[in-house]
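One structure below.
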Amino acid sequence: MNDETKNAQRINPTDQVLLIYTGGTIGMGQNPITGALEPLDFNHLLSCIPELGQVKTKVDVYQFTPPIDSSDMSPRLWAQLVNIISERYEQYDGFVILHGTDTMAYTASALSFMLENLTKPVILTGSQLPIGQLRTDGKENLVTSIEFASLRHPDGRAVVPEVCIYFSGKLLRGNRSTKQSSDGFNAFDSFNYPHLCDAGINFNFHYHNIHTPDFGRAMVPHTAMDPNVMVFSLFPGMQDNIVRHVLEVPQLRSIVMRSYGSGNAPQFPWIIKLLREASERGVIIVNISQCVSGYVEMGRYDTSYQLKDMGIVSGRDCTVEAAVTKLMYLQGRYTDSRRIRTCMEDSIAGEMTV
Ligand code: ASP
C-alpha cells in the first residue's frame, strides 16, 4: 500500500484546534497615512474569512496583543508561545500559529527544540498577501493548516505530531525550512529534507518522513533560551581586526559560521588563529554551509581539515535557523560547553541528517 492510499483511510477530522495569532502580513492592513502594511487585530482577519465558519473543527483563538511584524520576534516571545501551548496542551488536538513569514523558520525551529517530545501538531503558517486582498494566499494556507492540526489516525494519534510550516501546498518540517522567496507565494522550502505532505486536490502524506514521538511519554516544555550566539558569514576580503573584535566579546558563547561550499574556510593564519583561540576559550563554533542545499563535510578539502582539528562542530545539513535556535536552547539548558558540543553533533528534533 503506498502512502497516498493509506492516507485516505486513516484521516479523521477531530474537534478542537487553538489558533494563535501573532501577527504578520496575513492580518495586516494599509496604514492610511504612511501606506505601509501594519498588523491589525484578529477581528479584522476574521471579517475577511467568513469561510472559517464552515470549518468542521472547533477553532478557539488566542491573540498576541499587540500583534507583531515577525521581524520583532524574540526568544521571550518563543517562551510565551511555549507557555500558551503547554498550558492548553491537553485541551486541544492541535495548534496553528499565524506568523509573519520573515522569521517563521526561526520560530518553527525554536519551538521544535523547546517542545520536547511533542505529540500533537503545531503548524505555522501565514501569507504573502494580506487576507483582505482579493488574490490573497492566506485563506488556503490557514484553512489547510487547521485541517493538518486536526487530523488523527483511527487510533487517536496525530497524523503530524511535530512542528511544521504549511505554505503554498507544502507541509514541511519546521526546523528544516527556510524562507526562499520574498515575493512568490511559494515562500518556503526544506532543501535538505523531503516534504511531509503535498497538498493538492488530495493530501499526499509521505508518512516515512514524519517524526514519530514517544506517545507514552509527556511533552516537556522548555522556556530558557540563552541568545549569546552570533552568525558569522565568511566572505573574501573580511578583515582581521573586525573579526577579532567580534570573536573577543566576553558574552559570546557560540558562533554559527557560514562557510563556503562543503564547509570550507580560508587558510589565512590570522583567521585560523582567531578561530582556534575562540574554540580553546570554550566558544562553540558550528560550521554551516552558505549553500541552501547539501551538507558540510569537514576534511573533504584541505581548507576544512584544520577546522575539524580545532574542535569546530560540523552542522552537517542543518539550516542556519535551526543551528542558531538549537544553540540558544542548549545554552539555556547547559553551562558546560563540551556537553553542548556533543548535543550539537546529534539530531535532537530531526533537524539534521546524522
Ligand atoms: N514582514 C512580515 C512579517 O514577517 C512579512 C510577512 O508576514 O510575510 O511579519
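Taking 0.36 nm per residue of separation and subtracting the Cα-Cα distance, what length does fully extending residue 90 through residue 72 add? Walk me through the numbers on the way to the answer.
Values: separation 18, 0.36 × 18 = 6.48 nm, distance 2.95 nm.
The span from residue 90 to residue 72 would gain 3.5 nm if fully extended.
Roughly speaking, what is the stretch gain from residue 354 to residue 232, that is 0.36 nm per residue apart minus the C-alpha to C-alpha distance, in nm to one decimal? Before the final figure, lay out the partial values.
Working: separation 122, 0.36 × 122 = 43.92 nm, distance 2.36 nm.
Answer, rounded to one decimal: 41.6 nm.
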Here the FRET efficiency for residue 347 versus residue 133, based on Cβ atoms and R0 = 41 Å and rounded to 0.05, is 0.55
Once the dipole of the chain is set up with Lys and Arg at +1 and Asp and Glu at -1 on Cβ about the Cα centre, which of 330, 74, 191 lies farthest towards its positive end? 330
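Over every pair of different alpha-carbon atoms in segment 110-238, take the mean of 1/r and invert it; report that Kirkwood radius in Å.
Details: mean 1/r = 0.0614 Å⁻¹.
About 16.3 Å for segment 110-238.
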Aspartates and glutamates within cross-link reach of residue 273: Cα-Cα under 20 Å, excluding same-chain residues under 8 positions apart? 240, 248, 302, 309
Interchain or long-range residues, amide H under 5 Å from residue 97's placed H: 20, 123, 124, 125
Which value does Rg/Rh take for the chain over its C-alpha atoms, Rh per Kirkwood? 0.99
Ellipsoid semi-axes in whole angstrom, largest first, where each is sqrt(5λ) of the Cα gyration tensor of segment 198-354: 31, 20, 13
Lys/Arg Cβ at +1, Asp/Glu Cβ at -1, dipole of segment 244-354 taken about the Cα centre: which of 270, 257, 312 is farthest positive-ward? 270
Report the FRET efficiency, 1/(1 + (r/R0)^6), for residue 15 and residue 198, where r is their Cβ-Cβ distance and R0 is 45 Å, rounded to 0.05. 0.95
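In whole percent, what relative contact order does segment 85-153 give with Cα contacts below 8 Å and a gap of six or more residues? Numbers along the way, then the final one.
Working: 76 pairs, mean separation 24.5, N = 69.
This gives 36 percent for segment 85-153.
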Given +1 on the Cβ of Lys and Arg, -1 on the Cβ of Asp and Glu, and no further charges, what dipole in debye does segment 165-218 carry about its Cα centre, rounded to the nearest 20? 140
Lysines within cross-link reach of residue 179: Cα-Cα under 29 Å, excluding same-chain residues under 8 positions apart? 120, 139, 170, 326
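If exposed means no more than 15 neighbouring beta carbons inside 10 Å and the site is in a DSSP loop, what's the longest run of the chain without any exposed GluC sites (Glu not before Pro)?
Values: sites that count: 90, 248, 345.
That would be 91-247.
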Suppose R0 equals 45 Å; then what is the FRET efficiency for residue 33 and residue 273 from their Cβ-Cβ distance, rounded to the nearest 0.05? 0.25
From the helices alone, meaning DSSP H stretches of at least four residues, give me the mean residue ellipticity at 222 nm for the chain, per-run term -39500 (n - 2.57), in deg cm²/dmol to the nearest 500. -8500 deg cm²/dmol
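Expressed as a rounded percentage, what relative contact order does the chain have, with Cα pairs under 8 Å and six or more residues apart?
16
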Distance in nm between label sites at residue 211 and residue 51, each 7 Å beyond Cα in the beta-carbon direction? 2.9
Using DSSP to call loops (not H, G, I, E or B), can you name the trypsin sites (Lys or Arg not before Pro) in segment 49-106 whose Cβ has at most 12 other Cβ atoms within 10 angstrom? 56
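Since every read-out is calculated from the coordinates, none of them should be taken as a lab result. Only a predicted model underlies this, so the values are computations on that prediction, with no experimental measurement involved. Counting neighbours? That spans all protein chains shown, and the Cβs are built from the backbone with ideal geometry, glycine included.
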